[in-house]
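Trainee: Take a look at the following structure, please.
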Amino acid sequence: MKSKNNTAYCGIFCPDCIHYKNKYSVYAKSLKDHLTSIEFDKYAKIKSPFGEQFKKYEEFETVLTALAETECNQTCRTGGGCSGVPCKIMECCISKNYEGCWDCSEVDECDKFALLEPRCGEMPKNNIRKIKKNGIDKAMEKRGNFYIWQK
C-alpha cells in the first residue's frame, strides 16, 4: 500500500521528484522575503560599479519566486495531483475508475504523457509496464531514474 500511495497515476514514484518535500522552496521563500524587506530590487536598479552584476535581478526574482512556490508535501494521489494540481492523466484515470495508467490498455498510444517527456522521458511508461508485469510494490523497487539527465 505504501508504494501505491507514493505512486502517481502516471507511474511516477513521487518521492523521487525534485519538488517533493524539497528544502529549496523554504530557502527560496526566506531569501525572497529578506530581499523584499531590504528593498534589494531598488538597489539592483542603480547603475554603479557595485551593482553592475545585478542588471538581471528581475529575472532572478522571477526564478526565485518560482522556486519558493514549488513546495510539494503530498504525493499526487494523496494531495490531489502534482503539487496539488490535477493533470489530464490523473483526471483520465479517475474518470475511468483506474488505480493508475497500468489499468489501461492504451498507455503506449496515450498523448497525455507529452507533458512529462521533456524531463522524464519514457520513465513513466516504463514504470507502468513494470507495474503491469510485476505489481506495484515490486515494480517500484525496480523503477528507473526519474529525470532524463540522471544516469
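Trainee: Report the chymotrypsin sites (Phe, Trp or Tyr not before Pro) located in segment 63-151 that are in a DSSP loop and have at most 11 other Cβ atoms inside 10 Å of their Cβ, or state none. Walk me through the intermediate numbers first.
Mentor: Details: sites: Tyr98, Trp102, Phe113, Phe146, Tyr147, Trp149; in loops: Tyr98, Phe146, Tyr147, Trp149.
The qualifying sites are Trp149.
Trainee: Hey, rough spin-label estimate for Asn134 and Glu69, points 7 angstrom out along Cα→Cβ, what's it come to in nanometres?
Mentor: So the two model labels end up 3.8 nm from each other.
Trainee: What are the semi-axes of the equivalent ellipsoid of segment 5-54, taken as the square roots of 5 times the eigenvalues of the Cα gyration tensor, listed largest first and rounded to whole Å? Please report the intermediate quantities before stating the final value.
Mentor: Values: eigenvalues 300, 28, 11 Å².
Taking √(5λ) for each eigenvalue gives 39, 12, 7 Å, largest first.
Trainee: Do the sum for the chain: with -39,500 (n - 2.57) for every DSSP H run of n ≥ 4, divided by all residues, what is the mean residue ellipticity at 222 nm, to the nearest 500 deg cm²/dmol?
Mentor: Values: 9 runs with 71 residues, N = 151.
That comes out to -12500 deg cm²/dmol.
Trainee: Please work out how many pairs of lysine residues in segment 24-68 are eight or more positions apart (or on different chains) and have Cα atoms closer than 12 angstrom. Please list the in-between numbers first.
Mentor: Numbers: Lys42/Lys55; Lys45/Lys55; Lys45/Lys56; Lys47/Lys55.
So the count works out to 4.
Trainee: Here is a further query. Can you compute the FRET efficiency between Asn126 and Lys151 using 1/(1 + (r/R0)^6), with r the Cβ-Cβ distance and R0 = 25 Å? Round to the nearest 0.05.
Mentor: Numbers: r = 16 Å, r/R0 = 0.62.
That gives a FRET efficiency of 0.95.
Trainee: Compute, for segment 24-68, the length of the dipole vector about the Cα centre, with Cβ point charges of +1 (Lys, Arg) and -1 (Asp, Glu) only. Units Debye, rounded to 20. Let's see the in-between values first.
Mentor: Numbers: 7 positive and 7 negative charges, 15 e Å.
In debye, rounded to 20, segment 24-68 gives about 80.
Trainee: Using a 10 Å cut-off on Cβ atoms, rank the peptides 22-28, 121-127 from the highest mean neighbour count down.
Mentor: Highest to lowest by the protection proxy: 121-127, 22-28.
Trainee: Taking the Cα centre of the chain as origin and charging only Cβ (+1 Lys, Arg; -1 Asp, Glu), how large is the dipole, in debye to the nearest 20? Intermediate values should be presented prior to the final figure.
Mentor: Values: 25 positive and 21 negative charges, 106 e Å.
That gives a dipole near 500 debye.
Trainee: If you average the sequence gap of Cα pairs under 8 Å that are 6 or more apart and divide by the length of the chain, what percent do you get for the contact order?
Mentor: Numbers: 172 pairs, mean separation 45.3, N = 151.
RCO, the chain: 30 percent.
Trainee: Mind checking the full-extension length gain between Arg119 and Phe60? Use 0.36 nm per residue of separation minus the Cα-Cα distance, one decimal, nm. Before the final figure, lay out each step's value.
Mentor: On the way: separation 59, 0.36 × 59 = 21.24 nm, distance 2.20 nm.
Using 0.36 nm per residue and subtracting the Cα-Cα distance, I get 19.0 nm.
Trainee: Continuing with the same structure: Taking the Cα centre of each part, how many Å lie between segment 93-151 and segment 50-75?
Mentor: 31 Å
Bear in mind these aren't lab numbers, they're just calculated from the coordinates by the rules spelled out. Computed from a prediction, not measured in an experiment: that's the story for all the values here. No Cβ is skipped: glycine too gets one built from the backbone with ideal geometry, and neighbour counts run over all protein chains shown.
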